[in-house]
Amino acid sequence: MAVESKPLFHPEVLRQQVRSFFLPEQTAAWQPKLEHWAELIRSGRAHQFKETQRTLLDWLRMEYGIEKPSNKLLALTELDSNTWVSEVKRIRGKKHPLSSAGLHALRDKYTRTIAPARALATETLTLERTLSYLATQAYGLTPAEIALLWQTAPSRMPVPLPFLFSGIPECGLTHVRRSARGSVML
């Protein structure tokens with residue numbers, strides 16, 4: 001027996017809702033910032049990081065025999081050059097020391113792949129924070145309302161709460177943080 005599939009929401013109902021939805025007036029001033037963020041998404045540069053990580057882990061497996069990377073190696077954007085090299089040395093162990101050429105290749109790979117990925121991750125986080133800030137400011141939310149949002153937010157929010165508005169000069173909410181019990185404090 002064939003079952004007719006129906007859309008969850010009728011398109012005409014959605015169109016009416018979207019037509020009646022207005023963005024706050026001050027969003028026009030933020031258009032350049034939003035365009036920059038949208039361009040990052042359109043460009044696919046953020047997706048390149050995942051591909052870079054996959055390629056780099058394959059390279060470590062083939063060149064250095066690292067079959068199972070540590071959690072540190074999986075968190076590429078958190079590594080500096082020295083930590084990157086020392087973690088590879090640690091995993092290889094004393095039985096398989098790095099040669100001078102191997103050490104040079106690791107540092108070169110860091111400079112060509114991980115350093116740009118770190119810069120992209122930093123830019124992405126800054127843009128996420130800025131977008132979050134702009135959204136709360138566009139709707140004129142008070143610090144108490146922002147705290148309420150974070151109290152009810154899912155635990156896997158893309159922007160970490162303690163640093164939610166840091167680095168944004170227009171923001172006076174650098175004091176928003178999460179207490180030891182998980183509740184939001186101002």
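On full extension of the chain, what length is gained from E78 through T111, given 0.36 nm per residue of separation minus the C-alpha to C-alpha distance? Can you show the working numbers first?
Working: separation 33, 0.36 × 33 = 11.88 nm, distance 1.40 nm.
Contour length minus the Cα-Cα distance gives 10.5 nm.
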Gained length - A119 relative to K50, 0.36 nm times residue gap less alpha-carbon distance: 23.4 nm
Whether region 44-125 is rounded, prolate or oblate, judged on the alpha carbon gyration tensor where a/c under 1.5 counts as rounded: prolate
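Assuming 0.36 nm per residue, please report the length gained on full extension of the stretch L98 to D58 beyond their Cα-Cα distance. Intermediate results must be reported in sequence, preceding the final value.
Numbers: separation 40, 0.36 × 40 = 14.40 nm, distance 1.79 nm.
Computed gain between L98 and D58 is 12.6 nm.
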In Hz, Karplus ³J(HN,Hα) per residue of region 64-78 (6.51, -1.76, 1.60; θ = phi - 60°; x = Gly, Pro): 10, x, 8, 7, 10, x, 6, 4, 5, 5, 6, 9, 3, 6, 9
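Just so you know, all these numbers are worked out from the coordinates, no wet-lab data involved. Remember, it's a predicted structure, so these values are computed and weren't measured experimentally.
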